[in-house]
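For reference, the structure is listed below as structure tokens.
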Amino acid sequence: MSWCVEIQVRYGDFVLDVALQGDLKPVVLVGANGAGKSTVLRAVAGGCRPATGRIQVGSQVLFDADSGVDLVPEDRRVGYVPQGLGLFPHLTAVDNVGFGLRAGDTVMSARQRRQAAADLMDELGCGALGPRMPSSLSGGERQRVALARAFMVKPDLLLLDEPLSALDVAARRALRNHLARYLAASSFPAIVTTHDVRDVRALDALVYVLDAGRVVQSGTADELTAAPSTEFVAEFFGL
């Protein structure tokens, strides 16, 4: 499945003007704080409306300023894990994970949704968290639950905003490896933001470097390491 994002978003004096494209290979967005990475994901998910542009995933047009297409978030079939995670505070962890199964063509009972969610949480190593409320979870535990919820709906496009940032070193390494295996075996593409070069290399991702709202370089980790175009790129890849 191919996808493309061509958008322009204005917030006061800041203008985000980017063109991205990809296929099933994960894409990672990197850049300094304020470069526009999270805004790209919000625009694709339907959380903010671009002034101009087009967003398409496969044959589905999510947004097209020229033709007036602007699907509401629930119709975009996009799995989105924001930095704030967005868990429902009144639902247990397992019911948060199974929430997305309430919609779609397959009718499932509450028991079936809970069982499917529990099975996935077991795969992610967080099955024991199922009965607990989000308020009782640590940052890393909430991160695992939010990832499981995004995986549960088998989206057309997965958006992960700093998905491993709340984890300690050991948990981050384990979940990074699981995420890499999961995305490699999945049938849908993903866009991931990160500040950690180890995430880029583990995911074997195509990288887009954002600076002040624009793409300044793109390529594989090896290509960017060999010929960094900015000081940020050189520092990010450890040169």
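The values are calculated or read from the model by the stated rules, or taken from the named source; none is laboratory data. What you are looking at is a predicted structure, and each value in this text was computed from that prediction instead of being measured. Reconstructed Cβ throughout: ideal geometry from the backbone, glycine too, with neighbour counts over all protein chains shown. Quick note on the areas: whole protein, heavy atoms, side chains included, nothing else; ligands and nucleic acids left out. Shrake-Rupley method; radii C 1.70, N 1.55, O 1.52, S 1.80 Å.
The alpha carbons of the chain occupy a box of 51, 45, 33 Å along the principal axes, longest dimension given first. How much of the accessible area of the chain, probe 1.4 Å, is carbon plus sulfur, in whole percent? The nonpolar share, carbon plus sulfur, comes to 50 percent.
Using 0.36 nm times the number of residues separating E223 and C4, minus their current alpha carbon distance, what extension gain do you get? Could the numbers behind the result be given before it?
Numbers: separation 219, 0.36 × 219 = 78.84 nm, distance 2.17 nm.
Result for the pair: 76.7 nm of gain on full extension.
With the simple model of a label 7 Å out from the Cα in the direction of the Cβ, R102 to V61 spans 3.1 nm.
Label-to-label distance for A32 and A128 is 4.3 nm, based on points extended 7 Å past Cα in the beta-carbon direction. Accessible area per residue for the chain is 47 Å², calculated with a 1.4 Å probe on protein heavy atoms, without ligands, DNA or RNA.
Enter the mean projected area of the convex hull around the alpha-carbon atoms of segment 26-87, in nm², rounded to one decimal.
Working: hull surface 20.4 nm².
Orientation-averaged projected area of the Cα hull: 5.1 nm².
For segment 17-137, the equivalent ellipsoid derived from the alpha-carbon gyration tensor has semi-axes of 31, 18, 14 Å in decreasing order. Against the main long axis of the alpha-carbon atoms of the chain, helix 139-152 sits at an angle near 90°.
Taking every C-alpha pair closer than 8 Å and separated by at least 6 residues, the mean separation divided by the residue count of segment 45-171 gives a relative contact order of 30 percent. Potential lengthening of the chain between A116 and Q21 amounts to 31.0 nm, from the contour at 0.36 nm per residue minus the alpha-carbon distance.
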